[in-house]
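Each remark here refers to the structure printed beneath this line.
The values are calculated or read from the model by the stated rules, or taken from the named source; none is laboratory data. A quick note: this is a predicted structure, and the numbers were derived from the prediction, not measured. Counting neighbours? That spans all protein chains shown, and the Cβs are built from the backbone with ideal geometry, glycine included. Heads up: the accessible areas ignore ligands, DNA and RNA and are worked out on the full protein's heavy atoms, side chains in. Shrake-Rupley method; radii C 1.70, N 1.55, O 1.52, S 1.80 Å.
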Amino acid sequence: MADRIRINRLNATAYVANYTVPAVKPTGCNEVTGANAVNDLVCWRMKVYDALPPNSTANITSAGDLYSITLGWTDRENTTRTIGYTFQP
């Protein structure tokens with residue numbers, strides 16, 4: 001997702017979003033579409049759905065010229081895990 005934001009850096013603020021993984025897989029991704037925040041987010045949400053359990057979180061935030069992507073989930077041992085990546089588009 002960081003690469004998609006960098007490709008479309010002029011519209012980086014359009015990627016800021018909070019997402020909770022649903023029980024049903026989202027649809028609507030068009031992998032052929034060029035840099036488009038709406039489509040990029042749909043495709044990303046589908047990939048997050050495939051990687052994390054329901055009720056996990058996937059958030060993109062911004063603070064000035066820095067953006068952060070943070071994923072949060074509860075593992076099989078019922079331990080809350082998070083991972084984050086901060087970058088400049």
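For segment 51-72, filtered to residues that are of a type in the set (A, V, I, L, M, F, W, C) and open to solvent by 50 Å² or more (accessible area, probe 1.4 Å), the residue that is nearest to Gln88 (Cα to Cα) is Leu66.
One line per residue, one yes/no per condition, for (1) touching a Cys at 6+ places or on another chain (Cβ under 8 Å); (2) in contact (Cβ under 8 Å) with a residue 24 or more places away in the chain:
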residue: Thr20; (1), (2): no, yes
residue: Cys29; (1), (2): yes, no
residue: Met46; (1), (2): yes, no
residue: Tyr49; (1), (2): no, yes
residue: Leu52; (1), (2): no, yes
residue: Leu66; (1), (2): no, no
residue: Thr79; (1), (2): no, no
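Being out of contact with any strand residue (DSSP E or B) (no Cβ under 6 Å at 6 or more places or on another chain), open to solvent by 60 Å² or more (accessible area, probe 1.4 Å) and aliphatic (A, V, I, L, M) is the filter here, so list the residues in segment 1-18 that pass it. Answer for segment 1-18, where residues must be out of contact with any strand residue (DSSP E or B) (no Cβ under 6 Å at 6 or more places or on another chain), open to solvent by 60 Å² or more (accessible area, probe 1.4 Å) and aliphatic (A, V, I, L, M): Ile7, Leu10.
Looking across segment 54-64, not a single residue is closer than 25 Å to Gly28 by Cβ and without any contact (Cβ under 8 Å) to a residue 24 or more places away in the chain.
Every condition in (1) out of contact with any Pro (no Cβ under 9 Å at 6 or more places or on another chain); (2) at pLDDT below 95; (3) open to solvent by less than 50 Å² (accessible area, probe 1.4 Å) is met by Asp75 except one, and the failing one is (1).
Screening the candidates Val42, Val32, Val21, Val48 for the property of being loosely packed, with under 15 Cβ neighbours inside 10 Å and hydrophobic (A, V, I, L, M, F, W, C) yields one hit, Val32.
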